[in-house]
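Presented below is the structure to which this report refers.
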Protein chains: 2
Amino acid sequence: MQRSLIPVLRIAYFGPAGTFTEAALESMERNGTINEPVTRISAPSPPAALDMVRNGVADQACVPIESSVEGPVIPTLDSLATHQRLQIVAEIELPITFTIAVRPGTPVEAIKTVAAYPVAAAQVAQWIAKNLPEAHIVAATSNAAAADDVCENEADAAVTTAIAADQRGLQRFADKVADVEGASTSFVLVQAPTAPPARTGSDRTSIVLGLPNKPGSLAAAMNEFALRGIDLTRIQSRPTRTGMGTYRFYIDCRGHIDDTAVGEALKALHRNGADVRYLGSWPTTVTDASSPPDDSAETAWLAALRQGEDHT
Amino acid sequence: MQRSLIPVLRIAYFGPAGTFTEAALESMERNGTINEPVTRISAPSPPAALDMVRNGVADQACVPIESSVEGPVIPTLDSLATHQRLQIVAEIELPITFTIAVRPGTPVEAIKTVAAYPVAAAQVAQWIAKNLPEAHIVAATSNAAAADDVCENEADAAVTTAIAADQRGLQRFADKVADVEGASTSFVLVQAPTAPPARTGSDRTSIVLGLPNKPGSLAAAMNEFALRGIDLTRIQSRPTRTGMGTYRFYIDCRGHIDDTAVGEALKALHRNGADVRYLGSWPTTVTDASSPPDDSAETAWLAALRQGEDHT
């Protein structure tokens, strides 16, 4: 008997099975961002998922990078800023809402205990008080572990994700549960350095900047973007802890490394002595993206002058 | 029988009793930052502690603002940036290490379960594996709740804080437990707007900047600091979610609002149409602080010229 070998993309994700990160990875498989067969590999933390790519255990990693509630995911950014360079090739933003899961057939009056990761418990406290006023919360070690606690009869219901409930054959008692509407988290797909996905005109570029520790060095770097009409979408200082008063900066801007303006800004930063780590350019679905100015007319004008044409 | 009424400062803190925030507040009482009798009021979150000051339930609030591991505490910064303005008057940085607490007399071989807040569990996993290899972790809803679980016989040991162990009469089985050395968190003391503590020459000033959403507005704002030789110590963009592509910026700089350079920079930002929310100036013990340039000689020179003296 012979089996055919299908090449499979190994993607590490911040696990365990059933986390929002796995839901993000599943969304990327479904929406065509990833269109190869995938083997998912659970990692205990975002840096551990990224290290699996560095060590060759995985081809890509899916990790959270920014939450609308908690802000930037510092362990992800710190890992991308240090160690072997990796590159972001795609991003997805997921609404963060919870699923209340029970063992199939559990009636509402039988729900006395609700397992929840403490961070999740805080985000559904009002819903629980209103809909399950008799129940009390027991702590779980993660959103996925809360579902395990229900499977193992250690709780009657879980505050978990839809994917974790489905994976374990639990019944979804309620979906899209969240006290405050509109919370979301962005997740990125990361791999070894590569030519970035083609420029779409609605792209984002991410870098880590190390700057000399003196007043004005950040302003000078910002000017390289401003002079070229490039909009920044994130800036975040981060102490490096390698020396007193030493910082690096996590910077995202609109545009693609193949945009003239972005390319020139990166060259200027490099020329001025900044330590520039390129983290990638990728298409963004965020619709507020104003692209860097299109300079094709100026490029044609300059080329004409250089060739001795009589342009005015 | 007559009792004398002692005025007591009511300070809200991110609780419950025994959190690192309460330990920070206790340190401020001990080191003389606060030198009045204090009543501590537990609040369920940093924004809730700040709201207690806004509502008059508390005179001051003690809340975490930045962790060396997790980065800026976004709920604290978001609350300071919005609603009624409050002002930071003091800051303290605490090393983050854990205490392993047991019921008095518990022998090591009797420790089968260890209650831990999941975030804390991740920070002591190696220590537990080495020193309590037989024990397994059970989730607790907070560092303080882990200690409660031991009091209530729901676990044999707790990963908790020294203050929580002492408050509950537990025995400290081990202190200063942390897999990675050097983790710390900064906490601030906040109150209604006030004249700031006097300039010490080693101060920090914090503002929230709202800027027009166009390329270059951030660079222009950065230039107001750079032109005056003022070092920034934090910059963090934050989507406001009130409109597409609208950001505010959390900015800390060296110096005091009474420093000429800092005062001039704030005036310039205000003149240029930025929305400037002043969050306070306070003494910092961070020793990498290079103060803004002392301009007393230039001030004397200018004053002399204005009075018609013959200066060169």
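Among A:P37, A:S27, A:A61, whose Cα lies farthest out toward the positive end of the dipole of the stretch A:1-123, if unit charges sit on the beta carbon of Lys, Arg (+1) and Asp, Glu (-1)?
A:P37
In a GNM of chain A with a 10 Å cut-off on Cα contacts, which of A:L86, A:L94, A:L25 has the highest mean-square fluctuation?
Of A:L86, A:L94, A:L25, the Gaussian network model singles out A:L94 as fluctuating most.
Which FRET efficiency, nearest 0.05, do A:V57 and A:Q167 yield, Cβ-Cβ r, R0 30 Å?
0.85
Per residue of B:222-234, how many C-beta atoms from partner chains lie within 10 Å of its own C-beta, taken as a mean?
Per residue, the average neighbour count from other chains is 5.
Which residue in A is nearest the A/B rotation axis when you measure from the C-beta atom, and what is the distance in Å?
A:A139, 2
State which stretch of chain A is the longest one without any exposed GluC sites (Glu not before Pro), exposure meaning a DSSP loop state and at most 16 other Cβ atoms within 10 Å.
By the stated rule (loop sites, at most 16 other Cβ atoms within 10 Å), A:1-133.
Quantify how much of the Cα-Cα distance distribution of chain B extends past 30 Å, in percent.
Cα-Cα pairs of chain B separated by over 30 Å account for 45 percent.
Determine the shape class of the stretch B:170-301: with a ≥ b ≥ c the square roots of the Cα gyration tensor eigenvalues, call it rounded for a/c under 1.5, and otherwise prolate if a/b is greater than b/c, oblate otherwise.
Oblate shape, in that a/c is at least 1.5 and b/c is the bigger or equal ratio.
If the elastic network links every pair of Cα atoms under 10 Å, which of A:D294, A:D78, A:D258 fluctuates the most in the Gaussian network model of chain A?
A:D294
Among B:F249, B:Q171, B:H136, which residue has its Cα furthest toward the positive end of the charge dipole of chain B, with +1 on Lys/Arg Cβ and -1 on Asp/Glu Cβ?
Result: B:F249.
To the nearest whole number, what is the average tally of beta carbon atoms from other chains within 10 Å of the beta carbons of peptide A:131-142?
Working: counts 0, 0, 0, 0, 0, 0, 1, 5, 12, 4, 9, 2.
Mean shielding by partner chains, rounded to a whole number: 3.
Between A:L305 and A:A122, with labels modelled 7 Å along Cα→Cβ, what's the label distance in nm to one decimal, could you check?
Output for this residue pair reads 5.7 nm.
Test of understanding: given chain B, find the longest segment containing no trypsin sites (Lys or Arg not before Pro) that are in a DSSP loop and have at most 15 other Cβ atoms within 10 Å.
Segment B:113-240 is the longest.
Quick one: grab the alpha carbon gyration tensor of the stretch B:98-177, order the square roots of its eigenvalues as a ≥ b ≥ c, and give me rounded if a/c is under 1.5, else prolate or oblate depending on whether a/b is larger than b/c. Mind showing how you got there, number by number?
Working: a/c = 1.32, a/b = 1.11, b/c = 1.19.
Taking the square roots of the gyration eigenvalues as a ≥ b ≥ c, the stretch B:98-177 is rounded.
Before rounding to the nearest 500, sum -39500 (n - 2.57) across all DSSP H runs of length at least 4 in chain A and divide by the residue total; then give [θ] at 222 nm in deg cm²/dmol.
-8500 deg cm²/dmol
With +1 on the Cβ of every Lys and Arg and -1 on the Cβ of every Asp and Glu, and nothing else charged, how large is the dipole of chain A about its Cα centre, in debye rounded to the nearest 20?
Working: 25 positive and 36 negative charges, 162 e Å.
Roughly 780 debye, rounded to the nearest 20.
Note the distances from A:A297 to each other copy's matching label point, with points 7 Å along the Cα-to-beta-carbon direction, in nm, sorted shortest first.
Spacings between copies for this position, smallest first, are 5.2 nm.
What does the convex hull of the Cα atoms of the protein assembly as shown come to per residue, in Å³, rounded to a whole number?
Working: hull volume 141.1 nm³, N = 624.
Roughly 226 Å³ of hull volume per residue.
With +1 on each Lys and Arg Cβ and -1 on each Asp and Glu Cβ, how big is the dipole of the stretch A:1-101 about its Cα centre, in debye rounded to the nearest 20?
Computed about the Cα centre, the dipole is about 400 debye.
Mind listing the label-point distances from A:E181 to the same position on all other copies, shortest first, one decimal in nm, points 7 Å along Cα→Cβ?
Label-point separations across copies, in nm and ascending: 5.2.
Run through the other copies and list how far each one's label point is from that of B:R10, in nm with one decimal, shortest first; the point sits 7 Å from Cα along Cα-Cβ.
6.0
In a GNM of chain A with a 10 Å cut-off on Cα contacts, which of A:A147, A:A116, A:A219 has the highest mean-square fluctuation?
It is A:A219.
Tally Lys and Arg at +1 and Asp and Glu at -1 over the other residues with C-beta under 12 Å from the C-beta of A:A122: what net charge comes out?
For residues surrounding A:A122, the net value is -2.
Mind checking which lysines have their C-alpha under 19 Å from B:K112, skipping anything on the same chain fewer than 8 residues away?
B:K112 reaches B:K130.
For A:205-214, what's the mean count of beta carbons from other chains sitting within 10 Å of each residue's beta carbon?
1
Could you tally the net charge around B:A155, taking each other residue with its Cβ under 11 Å from the Cβ of B:A155, Lys/Arg +1 and Asp/Glu -1?
-3
Enter the Cα centre distance for the pair the stretch B:5-43 and the stretch B:225-281, rounded to the nearest angstrom.
30 Å
For the stretch A:1-58, rounded, prolate or oblate, judged on the Cα gyration tensor with a ≥ b ≥ c (square roots of eigenvalues), a/c < 1.5 rounded, else prolate if a/b > b/c?
oblate
Show which aspartates and glutamates lie in cross-link reach of A:K214 when reach means a straight Cα distance below 18 angstrom and same-chain residues fewer than eight apart are skipped.
Result set, ordered by chain and number: A:E224, A:D275, B:D203, B:E224, B:D231, B:D252, B:D288, B:D294.
Once the Cβ-Cβ distance between A:A195 and A:T285 is put in as r, and R0 is 25 Å, what FRET efficiency do you end up with, to the nearest 0.05?
0.70
Only the coordinates and a few stated rules stand behind these numbers; no lab work does. Small disclaimer: the values here were computed from a predicted structure and weren't measured. Quick reminder, even Gly has a Cβ in these numbers, built from the backbone with ideal geometry, and neighbours come from all protein chains shown.
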